[in-house]
Every structure is written in structure tokens, then in C-alpha cells.
Amino acid sequence: MEKESGKVLMIDDDEDVLLAAKLLLKKNGHHVIIEKNPKKIPFLLNNDTYDVILLDMNFSKDITSGKEGFYWLSQIKEKDPNAVVILITAFGDVEMAVRALKEGATDFVLKPWQNEKLLATISTAIKLKNTYKEVDKLKKAKKQLEEDINQPFKDIIGKSASIKKVFDLIDKVAKTDANVLILGENGTGKELIARAIHQRSLSHDSSFVGVDMGAITETLFESELFGHKKGSFTDAKEDRAGRFELANSGTLFLDEIGNLSFPLQSKLLTAIQNREVTRIGSNKSVPVDIRLVSATNMHVHEMVNEGSFRQDLLYRINTVEINLPPLRERLEDIPLLATHFLDKYSKKYRKEIHGLSEEAIMTLRKYPWPGNIRELQHAIERAIIMSDNPKLEPDDFFFLSQSKSVSSAENYSDNLNLDEVEKSLIQKAINIHDGNISKAANELGLTRASLYRRLEKHGL
């Protein structure tokens, strides 16, 4: 029978027995921890995990009843119901062995033991422990799957109409192999969207490889994306696969693609069109099968008109386009996002902070968030660190009023006309007040009738 090796904890008050067992088990590939005092069992279990526990049944002098062993067995099983415990005693009988198995012991060994029999018993016990681990792993996987089904976009927080449209698009495009372009301001969560597409794709078991195109220099572009052969340039000390090859059969995520220079756009286009790459220093092309997801915070359509972004490349990367709304256009999601970050950072910094006050929520909703979700995350983290309140209050976000961020009126581009500005202000007021027309009208200084006319005018 193939012997299994593992981590074994042995508790026995006889030092000679401990040393003999340790030598035997170590010789047969086991990692052994020995302990004379059973009172240290809680400490040992709190600080480590073990495949098998060998537990003596009698620790007090002239005691042979096994009561101590049964007591510590119950303590171990209470701490870890899946603990694999082998009881050992010099005073055992059939009745005691039966009781031991009923109370959760895996096996029962008599002293003095036969070495081969002890080793076989431990090996079987380790196999049992591995089975427990596999079952536990499957249970966790099942639980995770159920959570994913119930919360398909659990990493993307929000219930607003605008983010629900994004969810719908992800669902439609994920199961296809269409190239996707994600457009959105900095901090809106473009990479999260890319990962959600990958996770829901047919190739979700394959690699997701991300590349920050804005961080790659002109000289390293080909090496990073296409790979190189050993000796092809000074620092090429070994063969290296590029990101295209690493993402083969999976998803390649090109972040900040709008930052690519015109010459590099050409090289990228060739690789996408031909679905193959050639490593630097090689004449042999390597076929690649990837799902391409790109993202940028830049206005690539305007860049095409200006001649700074290739139109043919844009056609290749944006079979489907996903526009991520900025946080100021999904204000109803701020409480959800804020609560999510509060839970995360209150645990991290061990702060007893239970939620945000209504006034704090209103403070957050009135701020324009030029840095979007990333800025909100930073603001919540900072507030938690500095706050002494049981709930976060407006004063905990004093730094927002000191921010040099552009005001909401200044956020509009110079080329917007009056109608566009009016439409944006109306939309913002409605978002702030969760669609309440009366409150939005009051905020804008309009009557309900006037606001309704403007809503109809702007198609809102």
C-alpha cells in the first residue's frame, strides 16, 4: 500500500514514547510535532493545522480509565470537527475502542505498537484527512458558485439604471468572442468590467492577462507584447513569451490603449489582424487565439477624427463598446459603494464604525467625484482612519471641501451648448433625489410643471 506523508501532532506524557515515535515517523517522511502537556492542545490547534493527531488516553499517574483522553478528544473535535485523531493507550479493551470510535476518534492503537501497523494506520488516517479537505474544497466551490449565481456581478457594486445597462451588455457579449472596448473616466472600474467579461466567457478557465499600455515604453513594446528570443538584445538573457502568448486561449486586456503612439498602433493592429506574433530575434510566427478586451479614458472617436488614433485599429477593437458612467451620473449607487468600502476598511483598521449618517451620505452625493469610484474608496478609507465617531459623519469628510477638484459647473466641456448643460443639471438633480420630481424641481428652482416640460424636451 502506498504510504501517505503528512504533519503529525503527538501528545503523550511519556518522553521516551514521544522520541521513539518521532524518530519512526520522521524516518518515514512525516513532519512530527511532539508535546507532553495536553493542556497545550488548544494553543497548538489555534496556531497550526495537522493531518493526524496521536493522542494518549492517560496523563495522570496511576490513572488507566482513559477519561483524560476522552476529554481531550472532545476538546479537539469541538475545535475542529474534521480533526483526524488516533487514540493510543496501554490499557485498552474492546469496549474502550468502540467508545473511542463513537466519540469521533478515527482509530485506536495499543501500546506497545508494531511499527509497520502504526505507520499503516497513520497513512490511512492521512488519506482520510485529504478526503475531508477535498470535500471541504468542493463545499466551498459549491457555495462560491451559488453566490456567483445569486450575485453575478458581486465585484461591481451598484443598482442604478446606468450600471444595470452595463450588466446587460456584459451578459450579451461575454459568451461571444467579440472584441470589446470599454470607455470610461479614470477610476470608473474598467478593469473590473474586463474581468467580469472574462469570468463569464467560455474561456473563463484560461488566463486573464492585463497590460497597462500607458506604462510600456516604445522600446519595450514588442518585447512585452510579442516576446523575445535569448540574445536578441542586451538584456535578453533567456527566451520569453509575450503577453499575447501568455493569454492564448484566454483574455488579453489592453488597458489605456488610447496612449499608444501611432507607430505602435500599427504593430498592434498587425498582430490582431493576423492572429499571430513573432518574438524579437525569431523568424517563426506563433499563432494566438485570444479574446481581446481594451479600455481607455480617452475620447478615441475624436482622436480618429484628429488623426491621432488609427480608424482601422478602432474598428478591430470595438466590435462591442461599453461606456462606463462616471460616479456623478450614478449617485444612487454611492450609499452601496460607501457601505462596501466602509465594511472593508473598518475590518482592515479594526475600527468599530457602523455605517454612515444620512448627512454623511448627502455630503458624498453632493460632491462631483472627479476621481470616480477610486476617489470614493480613498475618501472612505481616509475617513475611517481619522474618525472617532460610531458612524461616519459629514465632518469626517472635511478634506473633500478642501479639494481642488473642479466644480460641477466647470466639469462641462467648453463646447457644450446651453441645452446640454441644462440637461446635465436636470439629470444630476433627479439622481440626487432618487427620481423624486418635487425635490428635484425645488433643487433647480422650478415648478413641477416646468421640470416635466424640460424632461420631455430633453427626452429624460
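Structure data summary
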{"item": "Residue among Met303, Met362, Met386 that is of a type in the set (A, V, I, L, M, F, W, C) and under 29 Å from Asp177 (Cα atoms)", "result": "Met303"}
{"item": "Leading residue by the ranking (surrounded by the fewest Cβ atoms within 10 Å (Cβ to Cβ)) among those in the stretch 170-198 that are in a loop (DSSP other than H, G, I, E, B) and touching a helix residue (DSSP H, G or I) at 6+ places or on another chain (Cβ under 9 Å)", "result": "Asn186"}
{"item": "Qualifying residue in the stretch 117-131 (condition: at negative phi and either modelled with pLDDT under 85 or part of a loop (DSSP other than H, G, I, E, B) (or both))", "result": "no"}
{"item": "Checklist (1) under 24 Å from Glu78 (Cα atoms); (2) surrounded by 15 or more Cβ atoms within 10 Å (Cβ to Cβ) applied to Asn130, failing item", "result": "(2)"}
{"item": "Of the criteria (1) farther than 27 Å from Gln427 by Cβ; (2) without any contact (Cβ under 8 Å) to a residue 60 or more places away in the chain, which one Leu364 fails", "result": "(1)"}
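The values are calculated or read from the model by the stated rules, or taken from the named source; none is laboratory data. Please read these numbers as outputs of a predicted model, since none were measured by experiment. Positions of Cβ are backbone-derived with ideal geometry, glycine not excepted, and every protein chain shown enters the neighbour counts.
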